[in-house]
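Reviewing the structure listed below.
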Amino acid sequence: MIIHEDFSRLDGGSFKAFVAAAKALNFTTAAQQAAMTQSGISQKVARLERQLSAQLFTRINKKISLTTAGGILLGYIEEQLDETSRLFERVQGEVGRLAGKVRYAMPHSCLFTPHFPLLLKKREKFPQVDLEVGLIPNEAIFKKLLDEEIDFGFVTKRYNNPAVRSELFAKEEYALLGNDPKRLRAI
């Protein structure tokens, strides 16, 4: 793919100064609105005029007005801003629109851990995602993952296998409770 040199023919960084001047029709006011100096506005407008080989403003006494070329450039910039907004909406819409089935499995004990309700809560942000949860033993999760019957799984013990990547997801402490100390010691 060849990128045409025309992309670099205009200084897009000067557009902010030009638009401020075109809207205010006063370089001092434009400088205040664009958080620039008046000379900065003048320099950027002059750069665009050189690049386009056209005068963008008429200057009579201390009043300025847009030329036909200035009006064309202003229309172009406004179209580009609209196109850029649509681009961001489309890209973010595609990225943000997760959809489809996600299959995962976990042992029954994971139902009672704090991360399971958090996962279900996060899922509400993606109504197009169909979450399929399987409650199965650790060993079955590992096998289903290798057989591509699930997309991911939670397990309570690690497996050292190069075919499976694992990350520590949660570290929880379990305590055995009971009211008979003799029975607890026997366990």
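The values are calculated or read from the model by the stated rules, or taken from the named source; none is laboratory data. Just so you know, these numbers come straight off a predicted model, no measurement behind them. The area values use the complete protein model at the heavy-atom level, side chains included, leaving out ligands, DNA and RNA. Shrake-Rupley method; radii C 1.70, N 1.55, O 1.52, S 1.80 Å.
Give me the number: length gained by fully extending LEU111 to ALA54, i.e. 0.36 nm times residue separation minus the C-alpha to C-alpha distance, one decimal in nm.
Full-extension gain reported as 13.5 nm.
For the stretch 1-156, what ratio Rg/Rh do Cα atoms give with a Kirkwood hydrodynamic radius?
Numbers: Rg = 28.5 Å, Rh = 20.8 Å.
Expressed as Rg/Rh, it is 1.37.
Please express the shape of the stretch 16-66 as an equivalent ellipsoid: the semi-axes are the square roots of 5 times the eigenvalues of the C-alpha gyration tensor, given largest first in whole angstrom.
Over the Cα atoms of the stretch 16-66, the semi-axes work out to 16, 13, 9 Å.
Per-residue HN-Hα couplings for the stretch 59-73, Karplus 6.51 cos²θ - 1.76 cosθ + 1.60 at θ = phi - 60°, whole Hz, x for Gly and Pro?
10, 10, 6, 10, 9, 10, 8, 6, 7, 4, 4, x, x, 5, 5
With every protein chain left in place, what is the accessible area per residue of the stretch 1-86 in square angstrom, probe 1.4 Å? Please list the in-between numbers first.
Numbers: 5880 Å² over 86 residues.
With all protein chains present, the stretch 1-86 gives 68 Å² per residue.
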